[in-house]
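Following: one structure in structure tokens, then a few remarks.
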Amino acid sequence: MSSKPVVLIAEELSPATVDALGPDFEIRHCNGADRAELLPAIADVDAILIRSATKVDAEAIAAANKLKVVARAGVGLDNVDVSAATKAGVMVVNAPTSNIVTAAELACGLLLATARNIPQANAALKNGEWKRSKYTGVELAEKTLGVVGLGRIGALVAQRMSAFGMKVVAYDPYIQPARAAQMGVKVLSLDELLEVSDFITVHLPKTPETVGLIGDEALRKVKPSVRIVNAARGGIVDEEALYSALKEGRVAGAGLDVYAKEPCTDSPLFEFDQVVSTPHLGASTDEAQEKAGIAVARSVRLALAGELVPDA
Ligand code: NAD
Ligand code: MLT
């Protein structure tokens, strides 16, 4: 039997991850989204590497008898019970900058897609339909973009969409207005942002405070022409409230990468032609996956060697 520390890779990660781990570990694989596979597999490993589909909750932590590190190859830690891990002496690491450009680029893509109906027109044309007037869109230039959460990704989106001539405003109670001003972004209250925005893009972590933040009350304050993008986490934009707002013409369109329950292959929101949906692709580029894999592999190596793990 191998005496090397065991690293469990519970989701598909870039091959660069295993290369960066090197020869000093026994590598095992499992499908972390399948609890019946995850719980026995985590029992005797030293580290687990995950993306967003594996829930490392209190039950999984309790099932792990020698776990030392949970490594999230990405940003969001909402699928890890950090407090249960900490209580059990398990370190939690992530790769907080690995995919920010990639995620920002997808959000910008969704903004463009909702403005110009690109996926819908593409699907219709490939179905033999030449429908030019049906897919008339709206311009981005001179429009107001409301960024909810002006952190790493929100700031990159603000910068990129400014280049399209958009006026950018933001809601983020934790950002210094001077820092926002440097970016050419005006900080507003959430209500003000909802009232003035032609497009809204959400870049918040999923926390008890942010779940449902863009819910029924918020969606009654927006312009009926607003298009809303959520490439952060499902549930921050309440799906039922968004459904009603779209149905009643109180919201003109949405671009969604994330869903309250994933995988999500069947949502009432998919009935709307004006909803553009992607299957949680925000971090899915070769570049981001490679960076995330290498970053967490490095953190796992350091942590299992008992060395200090610097912020990535
Ligand atoms: P970040 O921590 O740099 O920025 C988050 C911002 O939200 C911060 O500025 C913070 O002040 C603000 N914030 C926190 N709580 C808030 C609240 N209650 N109200 C208003 N603002 C609040 O994070 P980031 O790197 O920009 O990532 C944002 C989120 O995007 C991640 O937490 C992750 O869930 C998600 N994400 C999704 C994908 C994807 O594949 N779709 C990829 C990467 C990240
Ligand atoms: C993240 O939070 O980094 C993303 O959800 C990435 C992922 O898909 O793993």
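Values computed for the structure shown
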| read-out | value |
| --- | --- |
| The stretch 284-312, residues that are without any contact (Cβ under 8 Å) to a residue 24 or more places away in the chain and part of a loop (DSSP other than H, G, I, E, B) | Ala305, Gly306, Glu307, Leu308, Pro310 |
| Single match in Ala245, Ala181, Ala254, Ala218 (criterion: hydrophobic (A, V, I, L, M, F, W, C), in a strand (DSSP E or B) and out of contact with any Gly (no Cβ under 7 Å at 6 or more places or on another chain)) | Ala254 |
| Verdict on Leu39 being surrounded by 22 or more Cβ atoms within 10 Å (Cβ to Cβ), over 25 Å from Gly282 (Cβ atoms) and free of Cβ contacts under 8 Å to residues at least 60 places away in the same chain | no |
| Restricting the stretch 21-59 to residues that are touching a Ser or Thr at 6+ places or on another chain (Cβ under 8 Å) and not in a loop (DSSP other than H, G, I, E, B), the residue that is farthest from ligand 2 (Cβ to nearest atom) | Glu26 |
| Residue count for the stretch 82-100, restricted to those that are touching a helix residue (DSSP H, G or I) at 6+ places or on another chain (Cβ under 6 Å) and surrounded by fewer than 22 Cβ atoms within 10 Å (Cβ to Cβ) | 4 |
| Lone unmet requirement of (1) surrounded by 18 or more Cβ atoms within 10 Å (Cβ to Cβ); (2) among the small types (Gly, Ala, Ser); (3) within 16 Å of Gln274 (Cα to Cα) for Gly149 | (3) |
| Test: residue in the stretch 113-136 that is touching a residue at least 60 places away in the same chain (Cβ under 8 Å), among the hydroxyl-bearing types (Ser, Thr, Tyr) and more than 30 Å from Glu307 (Cα to Cα) | yes |
| The listed residue being away from ligand 1 (no atom under 16 Å from the Cβ) and either not in a helix (DSSP H, G or I) or not basic (Lys, Arg) (or both), out of Glu142, Glu192 | Glu142 |
| From the options Thr114, Thr54, Thr86, Thr97, residue that is touching an Asp or Glu at 6+ places or on another chain (Cβ under 7 Å) and among the polar types (S, T, N, Q) | Thr54 |
| Filter result for Thr102 (within 16 Å of ligand 2 (Cβ to nearest atom), part of a loop (DSSP other than H, G, I, E, B) and in contact (Cβ under 8 Å) with a residue 24 or more places away in the chain) | no |
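A short reminder: the numbers here are calculations on the coordinates, not readings from a lab. Computed from a prediction, not measured in an experiment: that's the story for all the values here. So basically every Cβ, Gly included, is an ideal-geometry build from the backbone, and we count neighbours across all protein chains shown.
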